[in-house]
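Since the structure comes first, as structure tokens, the remarks are kept for the end.
Rule-based calculations on the coordinates, nothing more; no lab input. Predicted, not measured: the structure shown is a model, and the values here were computed from it. Positions of Cβ are generated from backbone atoms using ideal geometry, with glycine treated the same way; all protein chains shown enter the neighbour counts.
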Amino acid sequence: MQNLDYQVVEQAIEWLSDDRTIWLCTVVSTFGSSPREPGSLMVANADGQHLGSLSGGCVEEDFLARLTEGEYQLPAVIVRYGAPVGGPENARVRLPCGGILEVLVERMSATHENLAHLKEVLGALGGEKDIERQVNLTDGKRRTEPASATGPRVILDESQEVVRMRVGPVAKLILAGYSTVAEACARFAISLGYQVVLCDPRDEVTCDLKLPGDIEFIPQLPSLYIASPGACTPSTAVVAVTHDPRIDDLAMMAAVKTAAGYIGVMGSVRTSQARADRLRRTGGLTDTEIERIHMPIGLDLGSKTPAEIALAIMADIVRVRRGRVSVNA
């Protein structure tokens, strides 16, 4: 799956390869209402052609108008939209609900160094490991280094005049087996920009399924897919919500051997304790491996319906991906 940011970087590379200067824009921070999260990308060229988005409309129009008029000639600059009167002298666009949006604008000429940098970024987006882009605001110099898959996507270090941006594989949700909760999780995950894969070998369960086209269905035992090379990265969540130990237990046994950033299985506290004993006894899992599994899965919201349970699960996945401590502790 090639998400929008991946396509943006691909387009940037294509324009650089054609000896065209580009402007790569990254959402740095948002305050109040904003449709795009920090780390979101847009690229444009001097003719006003662009791909990606920053806000879904007004910001893009203002930026492109100023770009074609000859602005943004510095190698790197922070532009603030929605700033109050008397704020930094950047573009003034009124955002919904009084929101403020800060954007890093990088001017990149068609050099070998810039092309190599963006190819490294593209490799991270399509690969298995996260990297951190570091852009110096004083001279626009860029460097990369390995990064964790969790925590803030963008950090503006004003003391050092550096913007640090975490870049990595698209967030992915592997659903080990079908259930109404799994389907609800899939729909939530798609709306959050996740790649969704549903694995289930049971013909009697899946023969009449009508899933959204964005869900990749694989009629295979989930544990086999989970264990396959490249299936799980630190940006992957593995979720088992079938109540069928033949599906759920095997999925957990496979998932803890991978780099998956979130592993969870549905069940009550008593069921989870029994499963932990079973995984330790028959699956040979260590205490450290069992501790990686979120069981019971999800935030404690008092959920009852499949949609409410799915909401609790996806909220917990987002919490972990953002590097937040547990709210259930």
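For segment 95-173, report the convex hull volume of the alpha-carbon atoms normalised per residue, in Å³, without decimals.
Details: hull volume 11.2 nm³, N = 79.
Convex hull volume per residue, Cα atoms: 142 Å³.
Modelled this way, with points 7 Å down the Cα-to-C-beta line, the labels at residue 218 and residue 120 are 3.1 nm from one another. Computed from Cα atoms alone, the Kirkwood hydrodynamic radius reported for segment 4-167 is 15.9 Å. Simple spin-label estimate for residue 243 and residue 287 gives 3.2 nm between the two label positions (7 Å along the Cα-to-Cβ direction from each Cα).
If you look at the Cα atoms of the chain, you get an Rg and a Dmax of 22.0, 69 Å.
Compared with the dominant Cα axis of the chain, that is its longest principal axis, helix 180-191 is turned about 10°. Summarising the label geometry, the points placed 7 Å from Cα in the beta-carbon direction at residue 308 and residue 159 lie 4.6 nm from one another. The Cα center of segment 257-329 and the Cα center of segment 130-148 differ in position by 34 Å.
May I ask you to compute the full-extension gain from residue 300 to residue 77, defined as 0.36 nm times their residue separation minus their alpha-carbon distance, rounded to one decimal in nm?
Working: separation 223, 0.36 × 223 = 80.28 nm, distance 4.25 nm.
That works out to 76.0 nm of additional length.
Among 264-270, 46-52, what's the highest-first ranking by average C-beta atoms within 10 angstrom per residue?
On the way: 264-270: 17.0, 46-52: 15.3.
Those peptides, ordered most packed to least, come out 264-270, 46-52.
Stokes-Einstein diffusion for segment 172-321 at 37 °C, viscosity 0.692 mPa s, with a Kirkwood radius from C-alpha pairs, works out to 218 µm²/s.
Using just the helices of the chain, give the 222 nm mean residue ellipticity in deg cm²/dmol: DSSP H runs with n ≥ 4 each add -39,500 (n - 2.57), and the total is spread over all residues, rounded to 500. Could the numbers behind the result be given before it?
On the way: 10 runs with 106 residues, N = 329.
Value at 222 nm, helices only: -9500 deg cm²/dmol.
In terms of its alpha-carbon gyration tensor, segment 3-71 comes out oblate; a/c meets the 1.5 threshold, while b/c is at least as large as a/b. Straight-line reach from residue 119: which aspartates and glutamates fall under 17 Å, measuring Cα to Cα and dropping same-chain residues less than 8 apart? Partners found: 5, 10, 14, 18, 19, 106, 128, 130, 132, 145. When the chain is described by a simple charge dipole with +1 on each Lys and Arg Cβ and -1 on each Asp and Glu Cβ, the residue from 173, 131, 76 located farthest towards its positive end is 173.
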